[in-house]
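Student: Quick one: this structure, given as structure tokens, is what I'll be asking you about.
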Amino acid sequence: GITEEVDFCQEVSMEFCQIYEGPFEWTDETPDKETLLKISTYAQEAGIKLGLYTGANNLTAPHFNHYGEQKGKPEWRMVNADNKTISSYCFGSDEFTQWFTDTIIHASQAYGFQMTNFDFLTIAPCYAKNHDHPPGGIYHQIANVTKCLNDIRTAVEGYVFDSNLGWTPLIPKIACEMDGFYFTD
């Protein structure tokens, strides 16, 4: 179980224990809020910080979304140049970005998480007409990702982030806000 993972992290002097799944996969019943609090207390007593998992603007990863959660609104999804809606949500939507940020802050404050993994972070030209950017825009997405990271860090002191980045040009744009990167899975 998770307590054994925390014990392992302590044994090998790791600072963080990353927990999968995260708040975008959680349901009202699973995980039990009491269980999350017990895990948080156990980790704190062991001197281990807990990390949250997110599928970034995909919210979930297919291999971690055991409950089939779909929490985002369809109108927040990216639209490609062929006017087809794709699976990733657009950080260029101010409403999506605020909701995502608030979700991470709430879960972190409620259960003692001090890190978030931004897996599957996708920045791509988006042509949605209902988002807060010009058609094909990516710069508002980048600005909102950095705003999200900074807002979380402001709300939860000492917070850190890591991400895998499949879109190499994004790295310099958010490198100052991201504490760690992994480039391949």
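Student: Which ones in the stretch 120-141 are touching a helix residue (DSSP H, G or I) at 6+ places or on another chain (Cβ under 6 Å) and at pLDDT below 90?
Tutor: Within the stretch 120-141, Phe120, Leu121, Thr122, Ile123 qualify.
Student: Being modelled with pLDDT of 95 or more, charged (D, E, K, R) and within 16 Å of the chain's Cα centre (by Cα): is that true of Asp102 here?
Tutor: Values: modelled with pLDDT of 95 or more: yes; charged (D, E, K, R): yes; within 16 Å of the chain's Cα centre (by Cα): yes.
It is true that Asp102 is modelled with pLDDT of 95 or more, charged (D, E, K, R) and within 16 Å of the chain's Cα centre (by Cα).
Student: I'd like the full set of residues that are in contact with a strand residue (DSSP E or B) (Cβ under 9 Å, 6 or more places away or on another chain) and within 14 Å of Tyr53 (Cα to Cα), limited to the stretch 15-30. Can you show your working first?
Tutor: Taking the stretch 15-30 first, the residues in contact with a strand residue (DSSP E or B) (Cβ under 9 Å, 6 or more places away or on another chain) are 15-25.
Hits for the stretch 15-30 are Phe16, Cys17, Gln18, Ile19, Tyr20, Glu21, Gly22, Pro23, Phe24, Glu25.
Student: Counting only residues that are assigned to a helix (DSSP H, G or I) and touching a Lys or Arg at 6+ places or on another chain (Cβ under 9 Å), which one in the stretch 99-142 is most open to solvent (accessible area, probe 1.4 Å)? Steps first, answer last, please.
Tutor: Let us first name the residues in the stretch 99-142 that are assigned to a helix (DSSP H, G or I), namely 99-111, 139-142.
Cutting the leftovers down to touching a Lys or Arg at 6+ places or on another chain (Cβ under 9 Å) gives us 99, 101, 103, 110-111, 139, 142.
Details: Trp99: 66, Thr101: 4, Thr103: 32, Ala110: 39, Tyr111: 28, Tyr139: 160, Ile142: 14 Å².
Looking at the filtered set, the residue picked out is Tyr139.
Student: Would you tally the residues in the stretch 42-56 being open to solvent by 10 Å² or more (accessible area, probe 1.4 Å) and closer than 23 Å to Phe120 by Cβ?
Tutor: Going through the stretch 42-56 one residue at a time, the tally reaches 1.
Student: Does at least one position in the stretch 61-80 carry a residue that is open to solvent by 70 Å² or more (accessible area, probe 1.4 Å), within 18 Å of Ile123 (Cβ to Cβ), over 14 Å from the mean Cα position of the chain (by Cα) and modelled with pLDDT under 95? Let's see the steps before the verdict.
Tutor: At the first step, the residues of the stretch 61-80 found to be open to solvent by 70 Å² or more (accessible area, probe 1.4 Å) are 62-63, 66-67, 70-71, 73-75.
Checking the rest, the ones that are also within 18 Å of Ile123 (Cβ to Cβ) come to none.
Within the stretch 61-80 (the criterion being open to solvent by 70 Å² or more (accessible area, probe 1.4 Å), within 18 Å of Ile123 (Cβ to Cβ), over 14 Å from the mean Cα position of the chain (by Cα) and modelled with pLDDT under 95), the answer is no, since none of the residues qualifies.
The values are calculated or read from the model by the stated rules, or taken from the named source; none is laboratory data. No experiment lies behind these values; they were computed from the predicted model shown. Positions of Cβ are generated from backbone atoms using ideal geometry, with glycine treated the same way; all protein chains shown enter the neighbour counts. These area figures cover heavy atoms from the full protein model, side chains too; ligands, DNA and RNA do not enter into them. Shrake-Rupley method; radii C 1.70, N 1.55, O 1.52, S 1.80 Å.
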